Amino acid sequence: MTEAVYYAVKRAKSENGVVLQVVGDNHPVRVLPLPDDERTVYVSELLSQTGVLKALGYVEATLFRASSESISGVRMEIKMERSKDSVQPSSDYALQAGDRLMVSKAANPAIEMLLNGIVGN
């Protein structure tokens, strides 16, 4: 975790927000506010409402939940559907203040399946 990410997480936690970290983006670390009301925001909502899914197409994501026991946070794997363009309901976590969602572009799942078939995986 870089210094910028560390301070973004601290800021997000104190301001009732979350950190969106998009690997390879021009602005890779953003602090986004959570709603002031009691409405819950899920990982899938964040990915779609920020335009990350539209921009990257196929993604891999990991949620890091803020924790006093780990400086980088507790790692929570986000399972994507086979198409890699939506979150499986079982890992569509409700976001909490100080959470960090790290997202990166994934390989096209059709090409990945084709290569796995050729290689024999």
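The values are calculated or read from the model by the stated rules, or taken from the named source; none is laboratory data. Everything quoted here is computed from the prediction, not taken from an experiment. Quick reminder, even Gly has a Cβ in these numbers, built from the backbone with ideal geometry, and neighbours come from all protein chains shown. For accessibility, only protein heavy atoms count, side chains too; no ligands or nucleic acids. Shrake-Rupley method; radii C 1.70, N 1.55, O 1.52, S 1.80 Å.
Points worth noting:
- Residue count for the range 1-47, restricted to those that are within 25 Å of residue 86 (Cβ to Cβ) and open to solvent by less than 70 Å² (accessible area, probe 1.4 Å): 21
- Selection from the range 1-42 of residues that are in a loop (DSSP other than H, G, I, E, B) and among the basic types (Lys, Arg): 39
- Scanning the range 48-96 for residues that are at pLDDT 90 or above, more than 14 Å from the chain's Cα centre (by Cα) and open to solvent by less than 50 Å² (accessible area, probe 1.4 Å) yields a total of 0.
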